[in-house]
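The values are calculated or read from the model by the stated rules, or taken from the named source; none is laboratory data. The model shown is predicted, which means the values in this text are computed figures rather than measured ones. Because the Cβ atoms are built from the backbone with ideal geometry, glycine has one as well, and the counts that use them run over all protein chains shown. Quick note on the areas: whole protein, heavy atoms, side chains included, nothing else; ligands and nucleic acids left out. Shrake-Rupley method; radii C 1.70, N 1.55, O 1.52, S 1.80 Å.
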Amino acid sequence: MNSSTPTQSTKATINTLLAAAVTAAASPALAVDWNGIPLGDPHLSIIPRTKAEAARIRAVTAPAAEFSAPEVFEERPAGAATVRARSDDEAFSQHSANITFEQELEFKLGNGLFKKPWVFSPASTRASDGLGPLHNARSCQRCHVKDGRGHVPQGPDDSAVSMFLRVSVPGPVPEELAAVKDYIGTAPHPAYGGQLQDLSPPGIAPEYTLSVTYEDSEIPLAGGETATLRKPVYEAANLGYGPLGDSAMLSPRVAPPMIGLGLLEAIPAADILAHADENDGDGDGISGRANMVWSREYDQVMLGRFGLKAGMPTVNEQSSAAFSGDIGISTPLYPAAWGDCTDAQTACQAAPHGDGDVRGTEIDRPNMDLVTFYSRNLAVPARRNPDAPGVLRGKEIFHDAGCPACHVPKFVTHRLADRPEQSFQLIWPYSDLLLHDMGEGLADNRPEGRATGREWRTAPLWGIGLTKQVSAEAGYLHDGRARTLLEAVLWHGGEAQSARDRIVDLPPAGRAALMSFLESL
């Protein structure tokens, strides 16, 4: 993808291609516009689906109705990009199986940049300077441990490097988003910016220290079993730039896994929006709402699909925002050399930075493109034992409980002339990429775009069974509070309350089968 800012004619081309693709799929009104807003699409070379292909796609993505054997191609969740499931902690660090030999070099260069520790300016290593000054981590890999999930602090001496608190205050709706229905206006905190950073160089105060404590509660389960849930209590201690104030809204975040991002980006917006049911028109208690966000990359409103509240539209924007907010590294899309530092943090803004050379920004466009390619092509491992009787029984329970209403199993990606590795693949992410009310227990009470303080994007489940293999300390949910998959299920509320209650009421063997299915993903 050309990551330069598109011209008006390019944007018109994007919308024309999307309209053609959607017309071929026989749902033009849904995706040509959304409440009167042209959707656009990050892909510049969509090959429209034929009517015959659209019919095949509807058939192959239909919900499972029989559970005595795996579905066709189910063992390959990323289609031709699927890789074998390794038995070590490198399971999430492989490249898509269908990239070329030349692309393997791009992937390895992107991997080097993803792992590279940045240093403070000034430094003799001019290609690696520009860290912070305020930051949460020195590299991408420090948060996304082995390209998987981060973890909560394991004790008072453990760094919170893969966890931080987002922060915002109420604010006006930006003019460019005024036409988006139900968009919630927020603004960065005037003193602390968009997230709290706990690391800094000598002479500059860090913003805070993260403190997490837990309150345990016992949950009775059918069959005489119990489970213990731990409710987190967060404190932003040792504030370096004054009190946060009563209007500050905080949200804890643990880094999510990196696998399959390019394939999620390649799902047609029309197919995602086809699962939205904002007013619960079918009466099943599941709404599903799209987050619509402003794209810096394309200078238009687009469907959000990345981030825990679907606040980012593309892999490049998500990666660029993380460089800026997490590491304090400027990018072409986020050119501020001081990252998330605010005007109130004068020492941070006045500190030496690393963008004074020919790079222009601390990571330049060619290197940012390598990181984006790497992030798009971290492969999804193959399923394990999809034909085992316990796994098949767990899959049936998953469907009977209603889980696929949000964790949609299957999509087929766009045909893409410029990204054959993501083109026209049957994939199994187990997510609709939409927002759902998850209840008061998981609420962070901090809105983001159209997402309310109770809403979260449905997390993709592919690879979830390898989470602990990749990083033993990793937890589940947006803040890592759940130590097991069962705990994660039991935290579900809101739209997922009835599914959660069905699982509580299962006999122990049924719950064990469900866990076997999830562990096979």
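Brief remarks on what is shown
- Residue within region 150-169 that is out of contact with any Gly (no Cβ under 8 Å at 6 or more places or on another chain) and assigned to a helix (DSSP H, G or I) present: no
- Residues in region 423-437 that are surrounded by 24 or more Cβ atoms within 10 Å (Cβ to Cβ) and of a type in the set (A, V, I, L, M): 427, 433, 434, 435.
Quick grid of which residues meet (1) at pLDDT below 95; (2) closer than 28 Å to residue 230 by Cβ:
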{"position": "114", "(1), (2)": "no, no"}
{"position": "124", "(1), (2)": "yes, no"}
{"position": "130", "(1), (2)": "yes, no"}
{"position": "142", "(1), (2)": "yes, yes"}
{"position": "152", "(1), (2)": "yes, yes"}
{"position": "158", "(1), (2)": "yes, yes"}
{"position": "170", "(1), (2)": "no, no"}
{"position": "211", "(1), (2)": "yes, yes"}
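- Residue 459 vs. criteria touching a residue at least 24 places away in the same chain (Cβ under 8 Å), over 20 Å from residue 150 (Cβ atoms) and either open to solvent by 40 Å² or more (accessible area, probe 1.4 Å) or more than 17 Å from the chain's Cα centre (by Cα) (or both): no
- Residues located in region 410-419, provided they are open to solvent by 20 Å² or more (accessible area, probe 1.4 Å) and at pLDDT 95 or above: none
Yes or no, residue by residue, for (1) of a type in the set (Lys, Arg); (2) open to solvent by less than 50 Å² (accessible area, probe 1.4 Å); (3) in contact (Cβ under 8 Å) with a residue 40 or more places away in the chain:
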| position | (1), (2), (3) |
| --- | --- |
| 324 | no, yes, no |
| 329 | no, yes, yes |
| 336 | no, yes, no |
| 340 | no, yes, yes |
| 345 | no, yes, yes |
| 350 | no, no, no |
| 354 | no, yes, yes |
| 361 | no, yes, no |
| 365 | yes, no, yes |
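Yes/no matrix, rows are residues, columns are (1) in a loop (DSSP other than H, G, I, E, B); (2) touching a residue at least 40 places away in the same chain (Cβ under 8 Å):
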position: 58; (1), (2): no, no
position: 69; (1), (2): yes, yes
position: 76; (1), (2): yes, yes
position: 103; (1), (2): no, yes
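- Subset of region 120-161 [open to solvent by 20 Å² or more (accessible area, probe 1.4 Å), closer than 18 Å to residue 240 by Cβ and small (Gly, Ala, Ser)]: 159
- Some residue of region 218-227 being among the hydroxyl-bearing types (Ser, Thr, Tyr), under 25 Å from the mean Cα position of the chain (by Cα) and open to solvent by 20 Å² or more (accessible area, probe 1.4 Å): no
Every residue, every condition in (1) open to solvent by 50 Å² or more (accessible area, probe 1.4 Å); (2) in a loop (DSSP other than H, G, I, E, B), yes or no:
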residue	(1), (2)
203	yes, yes
207	no, yes
213	yes, no
231	yes, no
235	yes, no
241	yes, yes
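- Only one of 512, 472 that is surrounded by fewer than 19 Cβ atoms within 10 Å (Cβ to Cβ) and touching a residue at least 60 places away in the same chain (Cβ under 8 Å): 512
- Residues that are more than 30 Å from residue 377 (Cβ to Cβ), touching a Leu at 6+ places or on another chain (Cβ under 7 Å) and open to solvent by less than 20 Å² (accessible area, probe 1.4 Å) occur at least once in region 162-171.
- Residue match in region 446-456 (condition: among the β-branched types (Val, Ile, Thr), under 20 Å from the mean Cα position of the chain (by Cα), open to solvent by 10 Å² or more (accessible area, probe 1.4 Å) and closer than 30 Å to residue 169 by Cβ): yes
- Positions within region 270-299 being in contact with a Leu (Cβ under 9 Å, 6 or more places away or on another chain), outside any loop (DSSP other than H, G, I, E, B) and farther than 19 Å from residue 430 by Cβ, in sequence order: 270, 292, 293, 294
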